[in-house]
Amino acid sequence: MNVDFKKKLKLAKQNYVLYLLILPAFTYIVCFQYLPIYGAQIAFRNYRIQDGIIGSPWVGLQWFKTFFTSPRNRTIIWNTVIISIYNLLAGFPIPIIFALLLNQVKSLRYKKLVQTVTYMPHFISMVVIIGMISVFFSPTTGFINKLIGMFTGQNVYYLGMPKYYYHLFVWSGVWQSFGWGSIIYMASLSSVDTELYEAAMIDGANRLQQVIYIDIPHLKPTMIILLILATGNIMNVGFEKSWLMQNDLNISVSEVISTYTYRIGIMNSMFSYSAAIGLFNNVVNFIFLVMVNFLSKRVSDNSLW
């Protein structure tokens, strides 16, 4: 037996408690992330429940061709890309800006109060969030609609108008998640050596200059890693929110890949077709992840691998 392997085995026996601690997480990942990969082959088969996965006939790339030749595929992909990019551009910098501003607050009590208030929307159910949007923007009883109507002179059914859908979807998500998303940046800022601020003040740096030359460089590695991870999910638009906000009036802009796969896969029992679309979606995410990670590694010293 190899000497290095014996040392590693002895070390593992000495720290077996740590391995037991990660066992539930390891089991979860294996069961729900790796084992389902076996079922991805139905994207290349004409899957029938009675025949099973192996018993279903192999059709190759037939379902992928069906999707790419479908007249709706461009609209669905375009909607997914627009919402994803819009959400990334709006949702990524705001937690950073919020953390930088909150870090400048000297009152610990006020800082904790603001943190608590901004974290709370993250714990609200998505169903409740959509219910709030429906009530607030209702053309008859919505106070936001009435407030806007005071300036425009008319009440509008915003959820039924395609041109407002992207804005409602993205900015409601930003409101719900920016406080929670700032936690990791606040934690990173709390580790900045206070002597750096003192030295900067002695050199005559104001607060803005301290943020630019101390805080932002300290946050840069965290920002890059989170940006890479966010880019790796660029095509994953939340199904639950999209489905709940979708109606017959805005379906031209609200139909995304996740809702389309549910509609044809579960409601119409076209399991192989929906699996092919889902596999295409994940492959695109993986390509973006590898590309952005490669660019980050070339431009800076920060990357996932």
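Only one of (1) more than 24 Å from Tyr260 (Cβ to Cβ); (2) surrounded by 10 or more Cβ atoms within 10 Å (Cβ to Cβ) fails for Gln50. Which number is that?
Gln50 satisfies every listed condition except (2).
Looking at Asn79, Asn73, can you tell me which residue is under 27 Å from the mean Cα position of the chain (by Cα), without any contact (Cβ under 8 Å) to a residue 60 or more places away in the chain, under 29 Å from Trp171 (Cα atoms) and surrounded by 15 or more Cβ atoms within 10 Å (Cβ to Cβ)?
Going through Asn79, Asn73 in turn, just one is under 27 Å from the mean Cα position of the chain (by Cα), without any contact (Cβ under 8 Å) to a residue 60 or more places away in the chain, under 29 Å from Trp171 (Cα atoms) and surrounded by 15 or more Cβ atoms within 10 Å (Cβ to Cβ): Asn73.
Search region 148-178 for residues being open to solvent by less than 50 Å² (accessible area, probe 1.4 Å) and among the polar types (S, T, N, Q), and hand back the single one that is nearest to Leu227 (Cα to Cα).
The residue in question is Gln176.
List the helices (runs of 4 or more DSSP H) inside region 237-298, counting only whole elements, that have at least 3 residues being within 19 Å of Gly39 (Cβ to Cβ) and touching a helix residue (DSSP H, G or I) at 6+ places or on another chain (Cβ under 8 Å).
257-262
Report, by residue number, each residue of region 179-190 that is open to solvent by less than 40 Å² (accessible area, probe 1.4 Å) and among the aromatic types (Phe, Trp, Tyr).
Hit for region 179-190 is Tyr185, nothing else.
Are there any pairs with C-beta distances below 6 angstrom linking a residue in region 211-239 that is in contact (Cβ under 8 Å) with a residue 12 or more places away in the chain to a residue that is open to solvent by 50 Å² or more (accessible area, probe 1.4 Å), with the two at least 6 apart or on different chains, and if so which?
Pairs found: Ile214/Leu196; Ile228/Leu304; Thr231/Phe288; Ile234/Phe288.
Are any of the residues in region 285-301 open to solvent by 70 Å² or more (accessible area, probe 1.4 Å), at pLDDT 90 or above, of a type in the set (Val, Ile, Thr) and under 15 Å from Val81 (Cα atoms)?
Taking every residue of region 285-301 in turn, at least one turns out to be open to solvent by 70 Å² or more (accessible area, probe 1.4 Å), at pLDDT 90 or above, of a type in the set (Val, Ile, Thr) and under 15 Å from Val81 (Cα atoms).
From the list Ala25, Ala12, pick out the single residue that is closer than 30 Å to Asn281 by Cα and part of a helix (DSSP H, G or I).
On inspection, the qualifying residue turns out to be Ala25.
Do any helices (runs of 4 or more DSSP H) entirely within region 74-159 hold 2 or more residues that are touching a Leu at 6+ places or on another chain (Cβ under 8 Å), and if so, which?
93-103, 108-119, 126-136
Looking at Ser134, Ser107, can you tell me which residue is small (Gly, Ala, Ser), loosely packed, with under 13 Cβ neighbours inside 10 Å and over 20 Å from Ile228 (Cβ atoms)?
Checking each option against the conditions leaves just Ser107.
Please go through region 263-272 and pick out each residue that is closer than 23 Å to Lys241 by Cα and open to solvent by less than 80 Å² (accessible area, probe 1.4 Å).
Arg263, Ile264, Gly265, Ser269, Met270, Phe271 - these are the residues of region 263-272 that are closer than 23 Å to Lys241 by Cα and open to solvent by less than 80 Å² (accessible area, probe 1.4 Å).
Out of all the residues in region 235-259, which are touching a Gly at 6+ places or on another chain (Cβ under 8 Å), open to solvent by 10 Å² or more (accessible area, probe 1.4 Å) and within 12 Å of Thr75 (Cβ to Cβ)?
none
Only one of Gly60, Gly39 is more than 23 Å from His218 (Cα to Cα), open to solvent by less than 40 Å² (accessible area, probe 1.4 Å) and not in a loop (DSSP other than H, G, I, E, B). Can you tell me which?
Every option except Gly39 fails the conditions.
Condition check: of a type in the set (Gly, Ala, Ser) and under 18 Å from Gln246 (Cβ atoms). Does Gly160 satisfy that?
It is true that Gly160 is of a type in the set (Gly, Ala, Ser) and under 18 Å from Gln246 (Cβ atoms).
The values are calculated or read from the model by the stated rules, or taken from the named source; none is laboratory data. Remember, it's a predicted structure, so these values are computed and weren't measured experimentally. Here Cβ is always computed from backbone atoms with ideal geometry, including for glycine, and neighbour counts include all displayed protein chains. Accessible surface areas use protein heavy atoms only, side chains included; no ligands, DNA or RNA. Shrake-Rupley method; radii C 1.70, N 1.55, O 1.52, S 1.80 Å.
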